[in-house]
Amino acid sequence: MANKDEVSRRQFLNYTLTGVGGFMAAGMLLPMVRFAIDPIMKQGAGQDMVAVVEEGKITEEPQRFTFKVNQKDGWYESEVTQAAWVFKDKNGDIVALSPICKHLGCTVDWGTDPSHPNQFYCPCHGGRYTKDGTNVKGTPPLAPLDVYKKEVKDGKLYLGQAEPQ
Amino acid sequence: MKWCSKDLDMYLQASEYVDTAIVPLIPITWGSQKKNVILKGEFPLILSEEIERQLKGRVFLFPAITYLVSERDEEILKRISALTSELENEGMPYPVFITSDARWTGAEVLGDRLVNIPPVPLEHMDEEYQREIVSEQVKHILQIVTKKWQNTF
């Protein structure tokens, strides 16, 4: 007769088979799960800061710089060219504004309206913004220009996502 | 705004601000001239997309009007003017036809609605230079378009 602590042949086979079966199932399923969720896990890394320009080139007058961003939209990946108006304000702090008009999404330009040389001007519907991006009352835009997340590292300006002020 | 339902919804919200249709004119052939003809289509398409990006809030980018190289001028112009009058009746007073096909220089039906840009073969240039050429041409077209807009808004 089997002792109480002893494992019977039937039990032993049961345990081993479940164990081995479990390993095999996990071995098959895990790569599939990884494949399925991989782009979602990587998405955060795709939104990194991008080097745009050397700090020394930034003046008090806004200048337009373009940079490339890898845009990951779930499974779809593409390279998009973005632009920023970059300048130093009175305190010497760097400001990077998005050139996208908050009215209907045209691209604003600096100082192209002869009667308001020190403002951002939208050629579509005459929207204007002051140098710090604030929308001028009485023109179509209802919100200030978006501001890029920024960081200065090794003498270079890095820009991230544009965020509403 | 682009030719898609999402942008059309945006248009319906703000139709009083949109008055300009951008329509590329693109020739088609599969004859011996195809390389040349593709070039004449590629460049205006790139420019039109860039103009849409810059003036998103006031222009609507249409699908191109395409025509066979062998098609007769009168036939094509008839289609173009049918579109022009439809646009004018439906609140788009400033259609802009963008082409690199020298065929349309001086076509009276098109008049100042035509923007004729000589084609530039971008394929062998490095990217920096490509972008410079495109942005230079876009600036030129923007001037033409915004001039039409003077004293509106």
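Every number here is computed from the coordinates shown, using simple stated rules; none is lab data. As the structure is a computational prediction, the values presented were derived from the model and not from experiment. Glycine also receives a Cβ, built like all others from the backbone with ideal geometry; neighbour counts cover every protein chain displayed.
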Exercise. If Lys and Arg each add +1 and Asp and Glu each add -1, what is the summed charge of the other residues whose beta carbon sits under 13 Å from the beta carbon of B:PRO93?
Worked result: -3
Seminar exercise, completed: Of all stretches in chain A that avoid GluC sites (Glu not before Pro) placed in a DSSP loop and having at most 11 other Cβ atoms within 10 Å, the longest is A:61-165
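Provide the net charge surrounding B:GLU127, with neighbours chosen by a C-beta distance below 13 Å and charges set as Lys +1, Arg +1, Asp -1, Glu -1.
Working: positive: A:LYS68, B:ARG131; negative: A:GLU79, B:GLU123, B:ASP126, B:GLU128, B:GLU132.
The answer is -3.
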Seminar exercise, completed: Share of Cα-Cα pairs in segment A:80-165 beyond 21 Å, whole percent, is 27
Seminar exercise, completed: Among A:LYS137/B:LYS6; A:LYS68/B:LYS35; B:LYS6/B:LYS34; A:LYS131/B:LYS56; B:LYS35/B:LYS147, the pairs whose Cα-Cα distance exceeds 24 Å are A:LYS137/B:LYS6; A:LYS68/B:LYS35; B:LYS6/B:LYS34; B:LYS35/B:LYS147
For this session: Identify, among B:GLN33, A:ALA83, B:THR20, the residue whose Cα sits farthest towards the positive end of the charge dipole of the protein assembly as shown, taking +1 on the Cβ of Lys and Arg and -1 on the Cβ of Asp and Glu, with the dipole about the Cα centre.
Result: A:ALA83
Problem set entry | Within a Gaussian network of chain A (alpha carbon springs, distance under 10 Å), most fluctuating of A:LYS150, A:LYS90, A:LYS57 | A:LYS90
For this session: Putting +1 on Lys and Arg Cβ atoms and -1 on Asp and Glu Cβ atoms, find which of A:ILE40, A:VAL53, B:VAL145 reaches farthest to the positive end of the dipole of the protein assembly as shown.
Result: A:ILE40
For this session: Report Rg(Cα)/(2.2 N^0.38 Å) for the protein assembly as shown, keeping two decimals.
Result: 1.43
For this session: Return the calculated 222 nm mean residue ellipticity for chain B, to the nearest 500 deg cm²/dmol, obtained by summing -39500 (n - 2.57) across DSSP H runs with n ≥ 4 and dividing by the residue count.
Result: -15000 deg cm²/dmol
Exercise. Most exposed first by the Cβ proxy, i.e. fewest other Cβ within 10 Å, how do A:SER115, B:SER81 rank?
Worked result: A:SER115, B:SER81
For this session: Report the antiparallel proportion of the DSSP beta bridges in the protein assembly as shown as a percent, rounded to a multiple of 5.
Result: 70
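Which whole number of Å³ per residue matches the convex hull of the alpha-carbon atoms in segment A:21-165? Could you put the intermediate results ahead of the total?
Numbers: hull volume 20.6 nm³, N = 145.
Once divided by residue count, the hull of segment A:21-165 is 142 Å³.
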Exercise. For segment B:5-147, with only Lys/Arg (+1) and Asp/Glu (-1) charged at the beta-carbon, what is the dipole magnitude about the Cα centre, in debye rounded to 20?
Worked result: 180
Exercise. Could you name the aspartates and glutamates in cross-link range of A:LYS150, using Cα to Cα under 16 Å and dropping any fewer than eight places away on the same chain?
Worked result: A:ASP48, A:GLU54, A:GLU55, A:ASP89, A:ASP93, A:ASP132, A:GLU163
Problem set entry | Relative contact order [Cα under 8 Å, 6+ residues apart], chain A, whole percent | 17
Exercise. Taking the Cα atoms of chain B, what is the range of coordinates along each of the three principal axes, in descending order and whole Å?
Worked result: 46, 40, 30
